[in-house]
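In what follows, a structure is listed as structure tokens, so that the remarks can point back to it.
The values are calculated or read from the model by the stated rules, or taken from the named source; none is laboratory data. All values reported here derive from a predicted model rather than from experimental measurement. So basically every Cβ, Gly included, is an ideal-geometry build from the backbone, and we count neighbours across all protein chains shown.
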Amino acid sequence: MALVPMEKIHPYSGKQALLTSKHRKLELIAPVFQESVGLLITEEALDTDQLGTFSGEIERLLPPLQTAIAKARLGMKEQGVALGIASEGSIGADPLAPFINSDIEHLVLVDDERGIIISEVFRSLEIVAARAEVIPGQNLEGFLRRADFPNHSLIVRPRAERFETVVKGIGSLPELHAAIRLCAEESAGGFVEVESDLRAHHSPSRRRNIERSALLLADRVSHLCPECQSPGWGRVAYEKGLHCGLFNILIPEAIGREVLGCVACDHTAPGKLIAEVADPSICPHCNP
Ligand SMILES: [Zn+2]
Ligand SMILES: [Zn+2]
């Protein structure tokens, strides 16, 4: 009988982590981690609005990754636990292609026992984010189609410098029209702003992206550093500098392969090969 080597047990197997979120993200994130490393995630439904809101009443002051870390720590502090998870999304004009909308989802795992933070980011162009200025009684058919309403919820607010009323989580036509009438009373010209409610529990397209970010993070968490056995081994950079495929010319920015690294120690190793030579289309000689 052949001896089958015992599978290494992941250090997070059977451990508990706390997800700080008030927008029903647990069902998107927990199953993925349970399956991949056996980490059990529970949810702390804390109000994280102090760190910024999508609807803009409170501006986000920290960069998204730091916001996610701060969110995770809110719940960890509240419950006195050492393992925490939180996500933070940025939705709007894409930083690389400003004419289209993108959803950039950061997801972090904070481990204060080991003193490490493992994070992933997932960028998606598949996000429903529509906005319009309307007046009461206006035909909204085209806009509502773009906004994938009522599958995706809406937010209505007055078009004014200062206002009191913001109606969120609108999921039916009667609610929408009532909210538009209500907010129009607070607007100087009668115009109101209608836009997608991007909170996770109101945006199915965003929910899918959060789920994808969870798959990425769980995969990174599942890999242990070959040197120190810390969870979180994965891509940390790219090796750059390739020769053009047609001419012997070095293109410093051309990506050759992934560099894998650890979140706890300095160990790195070459990762997946991406290309051996540079595509002539990015070569200043072949494609000036
Ligand atoms: Zn290491
Ligand atoms: Zn070339």
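Results for (1) within 17 Å of A130 (Cβ to Cβ); (2) touching a Lys or Arg at 6+ places or on another chain (Cβ under 6 Å), shown as yes or no for each residue.
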residue	(1), (2)
L154	yes, no
G169	yes, no
L173	yes, no
A179	yes, no
S187	no, yes
G190	no, no
R199	yes, no
R212	no, no
V221	no, no
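Evaluation of F143 against the conditions (1) assigned by TED's automatic domain parsing to the domain that holds P158; (2) exposed (fewer than 15 other Cβ atoms within 10 Å of the Cβ) shows that the sole unmet condition is (2). Do we have any residue at all in the stretch 126-141 that's part of a loop (DSSP other than H, G, I, E, B), on the phi > 0 side of the Ramachandran plot and in contact (Cβ under 8 Å) with a residue 40 or more places away in the chain? Checked the stretch 126-141: no residue is part of a loop (DSSP other than H, G, I, E, B), on the phi > 0 side of the Ramachandran plot and in contact (Cβ under 8 Å) with a residue 40 or more places away in the chain. Look at the stretch 210-229: where a residue is farther than 20 Å from H267 by Cβ and modelled with pLDDT under 95, no partner that is in a loop (DSSP other than H, G, I, E, B) and more than 11 Å from ligand 1 (Cβ to nearest atom) sits 6+ places away or on another chain with Cβ atoms under 8 Å. Does C244 meet the test of being within 15 Å of ligand 1 (Cβ to nearest atom) and not assigned by TED's automatic domain parsing to the domain that holds K22? Considered against the rule, which asks whether it is within 15 Å of ligand 1 (Cβ to nearest atom) and not assigned by TED's automatic domain parsing to the domain that holds K22, C244 comes out as no.
Just the residues that are within 16 Å of the chain's Cα centre (by Cα) and charged (D, E, K, R), please, taken from the stretch 78-117. Those that are within 16 Å of the chain's Cα centre (by Cα) and charged (D, E, K, R): E88, D94, D103, E105.
Within the stretch 35-73, being part of a loop (DSSP other than H, G, I, E, B), free of Cβ contacts under 8 Å to residues at least 24 places away in the same chain and under 30 Å from G14 (Cβ atoms) holds for no residue.
Answer yes or no: is there a residue in the stretch 61-73 that is basic (K, R), surrounded by fewer than 21 Cβ atoms within 10 Å (Cβ to Cβ) and in contact with a Leu (Cβ under 8 Å, 6 or more places away or on another chain). Looking through the stretch 61-73, none of the residues is basic (K, R), surrounded by fewer than 21 Cβ atoms within 10 Å (Cβ to Cβ) and in contact with a Leu (Cβ under 8 Å, 6 or more places away or on another chain). Can you say whether I91 is modelled with pLDDT of 95 or more and of a type in the set (A, V, I, L, M, F, W, C), as far as the supplied structure shows? No.
Would you call G84 part of a strand (DSSP E or B), surrounded by fewer than 20 Cβ atoms within 10 Å (Cβ to Cβ) and not aliphatic (A, V, I, L, M)? When the stated conditions are applied, G84 does not pass them.
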